[in-house]
Amino acid sequence: MIEAVVVDVDDTLCMTEAASFELENEVLAAMGRPPMPRDLHLATWGEPLLEAMPHRSPGIDPAVFAPLFQTTMDRYLDEGRLDVIPPENLAALDELILSGRSVMLLTSREGHEVRHMLEPDHVLATRISGIWHRGNTRHGKPDPRAFDELLAHTGLSPAQCVYVGDSPGDAVAAGRAGLAFIACLQSGVRRPGDFDSRYVTAEVAAFPEVVAVVERLSRTPR
């Protein structure tokens, strides 16, 4: 029985890559640096932001970039340009919860990048039971130990959980940790051939399809 559905944030629950590309290039422009090409952003997508930026903009000073990024990100959030969760995805979360399952987030973001999701007036406030990120976990994806704190906190076994994500690293982390993995291909950033099939339990073209897959997995002994 699947007791918990653990969900990645970027390009899984909400489509983020395109908006992040615009945001980061806006910050680079404010720093007087040239814009990065889209293919470079896509090639490094999924890496922690401050680890990716030296590849996206060689020679950048992370200490200068970080506060400018935070200010710009806050504006994008206020303007509804970032982390917008489609209504159909929220409805899917509601269906999962009505089925008696808990919903949690596990992301490679830093703590300050998810703090707005912890606000009491956020649309996720009554839907998720926890967020695990680089600020409260010792290991990050694709290390399977990325799930250690979540499993310890909930008391759940890996077999009671399923992870939904969009990247090959998500699949490796979940599979090696013993969780079923659902590859969400909605963003178009990844394709089925990008994943190691050994770690993929199912694929969905859009996030709402996760509801039916979870029901099926719950009826299928692992």
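The values are calculated or read from the model by the stated rules, or taken from the named source; none is laboratory data. Since this is a predicted model, take the numbers as computed values, not measurements. Heads up, the Cβs are rebuilt from the backbone with ideal geometry, glycines too, and the neighbour counts pull from every protein chain shown. Side chains are part of the model used for accessible areas, which takes the heavy atoms of the whole protein and leaves out ligands, DNA and RNA. Shrake-Rupley method; radii C 1.70, N 1.55, O 1.52, S 1.80 Å.
Remarks
- The set of residues in segment 52-71 being among the charged types (D, E, K, R) and surrounded by fewer than 16 Cβ atoms within 10 Å (Cβ to Cβ) consists of ASP61 alone.
- Of the criteria (1) out of contact with any helix residue (DSSP H, G or I) (no Cβ under 8 Å at 6 or more places or on another chain); (2) surrounded by 19 or more Cβ atoms within 10 Å (Cβ to Cβ); (3) not in a helix (DSSP H, G or I), which one ASP170 fails: (3)
- Taking segment 72-112 as the range and being surrounded by 17 or more Cβ atoms within 10 Å (Cβ to Cβ), of a type in the set (A, V, I, L, M, F, W, C) and in contact with a strand residue (DSSP E or B) (Cβ under 8 Å, 6 or more places away or on another chain) as the test, the residues that pass are ILE85, LEU93, LEU96, VAL103, MET104, LEU105, LEU106.
- Count of segment 173-188 residues which are among the aliphatic types (A, V, I, L, M), open to solvent by less than 30 Å² (accessible area, probe 1.4 Å) and under 15 Å from the mean Cα position of the chain (by Cα): 4
- Any hit, segment 52-62, residues being in a helix (DSSP H, G or I) and hydrophobic (A, V, I, L, M, F, W, C): yes
- Screening segment 113-139 for residues that are touching a strand residue (DSSP E or B) at 6+ places or on another chain (Cβ under 7 Å), in contact (Cβ under 8 Å) with a residue 24 or more places away in the chain and among the hydrophobic types (A, V, I, L, M, F, W, C) and picking the one that is farthest from ALA174 (Cα to Cα) gives MET117.
- Of the residues in segment 178-198, none is aliphatic (A, V, I, L, M), part of a helix (DSSP H, G or I) and modelled with pLDDT of 95 or more.
- Within segment 36-51, if we keep just the residues that are surrounded by 16 or more Cβ atoms within 10 Å (Cβ to Cβ) and modelled with pLDDT of 95 or more, the residue that is nearest to ASP10 (Cα to Cα) turns out to be HIS41.
The rows are residues; the columns are (1) of a type in the set (Lys, Arg); (2) within 26 Å of GLU88 (Cα to Cα); (3) surrounded by 22 or more Cβ atoms within 10 Å (Cβ to Cβ).
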{"residue": "ASN136", "(1), (2), (3)": "no, no, no"}
{"residue": "ALA146", "(1), (2), (3)": "no, no, yes"}
{"residue": "LEU151", "(1), (2), (3)": "no, no, no"}
{"residue": "LEU156", "(1), (2), (3)": "no, no, no"}
{"residue": "ASP196", "(1), (2), (3)": "no, no, no"}
{"residue": "ALA212", "(1), (2), (3)": "no, yes, no"}
{"residue": "GLU215", "(1), (2), (3)": "no, yes, no"}
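Yes/no per residue for (1) more than 14 Å from GLU113 (Cα to Cα); (2) touching a residue at least 24 places away in the same chain (Cβ under 8 Å); (3) not charged (D, E, K, R):
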{"site": "LEU49", "(1), (2), (3)": "no, yes, yes"}
{"site": "ALA63", "(1), (2), (3)": "yes, no, yes"}
{"site": "PHE69", "(1), (2), (3)": "no, yes, yes"}
{"site": "GLY80", "(1), (2), (3)": "yes, no, yes"}
{"site": "ASP83", "(1), (2), (3)": "no, yes, no"}
{"site": "ALA91", "(1), (2), (3)": "yes, yes, yes"}
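- Close contacts from segment 168-194, counting a first residue that is more than 27 Å from SER157 (Cα to Cα) and a second that is in a helix (DSSP H, G or I), with Cβ to Cβ under 8 Å and a gap of 6+ residues or different chains, come to GLN186/PHE207; SER187/GLU17; VAL189/GLU17; VAL189/LEU42; ARG190/PRO168; ASP194/PRO168.
- Condition met for ALA125 (in a loop (DSSP other than H, G, I, E, B), open to solvent by 30 Å² or more (accessible area, probe 1.4 Å) and either modelled with pLDDT of 95 or more or over 19 Å from SER167 (Cα atoms) (or both)): yes
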